[in-house]
Amino acid sequence: MKNTSYIYLNLAISAFIAFIAIPSLLLHNGILDIFNIFDGSLRFYEGIVLAGIIGFSLQFISLFLYKIKILGATLAVVGSIPLLPFGIFYTLSFFNKARCWKMRGYELATSSHTEQCDNYKAADATGSHVLIMLFAVVGLVMGLVPAGLFLFNGIVGLIRNQQQKKQCVIGINSDFFIVSLDPSLKNFLIPIEKVKQVKVEQDKFVLTVETQDGAEFSIKTLFSQVDDEQRNDLRAVLIEKEKLVDGYQAALT
């Protein structure tokens, strides 16, 4: 299923970095004696390799703990630190998998559902990500190594922005909502009777839905993620839906 398959790819990337990329790079430069990891004379560079292996191990364990959010998330985040910047991909996919588990009782929205909705598209942030990348390149040319992280951030942001432009941030119909948890995920179809609350705030809106096990799950979205020309219209529509859902829930109690 597309909504969770990326986590296995990202775990494979982490394994490649921990067991092949980092050791190969250090061995190639003659600064690593791999056997020092096991003979008690651990040096800094051997420590980097060991940290990478431990990081991957924590990620691997967290893969089976996505239903236990706090423990699984802690292992995923801590395990990704030695593998930065690429480790961030696993962390993002872990949280996506955990959120998809929460939404497991809902079907995925199809193009037919989308055509029945008022669709609100994502804001185009291409310019800001390109600007970050340009500044990062200038920084690298000047010898500022940390600028590489900004370049990586700009590339990831640009990729995610292109993904988000292919689907709506939210779709609204008289009978259901279509919501996106992340640009890399497909949209979920939520019947309006499953929406417990719609809350419109100054900078964001929150949909609280009922999960399969009877709990509540909040989906938060920033208005800044929505196309500039559609934000005011979306706010007005959501305020109406807020009143409608409040009235519907009041009638049930």
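The table for this structure:
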item: The chain - Debye-derived log10 I(q)/I(0), Cα point model, q = 0.07, 0.08, 0.12, 0.17 Å⁻¹; result: -0.33, -0.42, -0.83, -1.31
item: Charge dipole (debye, nearest 20) of the chain; +1 at Cβ of Lys and Arg, -1 at Cβ of Asp and Glu; result: 300 debye
item: C-alpha long axis of helix 126-141 to longest principal axis of the chain, angle in °; result: 10 degrees
item: Segment 41-115, accessible area per residue, ligands and nucleic acids excluded (1.4 Å, Å²); result: 52 Å²
item: Karplus (6.51, -1.76, 1.60) ³J(HN,Hα), θ = phi - 60°, over segment 96-101, in Hz, Gly and Pro reported as x; result: 5, 5, 5, 5, 5, 4
item: 1.4 Å probe accessible area per residue over segment 131-183, in Å²; result: 53 Å²
item: Among C100, L149, A236 the positive-end extreme of the charge dipole of the chain (Cβ point charges); result: C100
item: Dimensions in Å of segment 171-253 - Rg and Dmax from alpha carbons; result: 12.6, 38
item: Carbon and sulfur %, accessible surface of the chain computed with the full protein complex present, 1.4 Å; result: 64 percent
item: In order through segment 84-92: 3J(HN,Hα) via Karplus (6.51 cos²θ - 1.76 cosθ + 1.60), integer Hz, x for Gly, Pro; result: 5, x, 5, x, 5, 4, 5, 4, 4
item: Heavy atoms of L144: accessible area, 1.4 Å probe, square angstrom to 10; result: 90 Å²
item: Accessible area of V179 in the full protein assembly, 1.4 Å probe (Å², nearest 10); result: 10 Å²
item: DSSP loop GluC sites (Glu not before Pro) with at most 15 other Cβ within 10 Å: longest gap in the chain; result: 1-106
item: Amide hydrogen neighbours beyond the local backbone of V169, cut-off 5 Å, H modeled; result: Y120, K121, A122
item: Unit charges on C-beta of K, R, D, E only; dipole of segment 141-215, Debye; result: 280 debye
item: Peptide ranges 8-18, 52-62 listed from the most packed, as the mean C-beta count within 10 angstrom indicates; result: 52-62, 8-18
item: Long-range HN-HN contacts of K204 with modeled amide H, under 5 Å; result: F223
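The values are calculated or read from the model by the stated rules, or taken from the named source; none is laboratory data. Remember, predicted model here, so these are calculated numbers, not experimental data. Virtual Cβ from ideal backbone geometry, glycine too; neighbours counted across all protein chains shown. Just the protein is used for accessible areas: all its heavy atoms, side chains included, with ligands, DNA and RNA removed. Shrake-Rupley method; radii C 1.70, N 1.55, O 1.52, S 1.80 Å.
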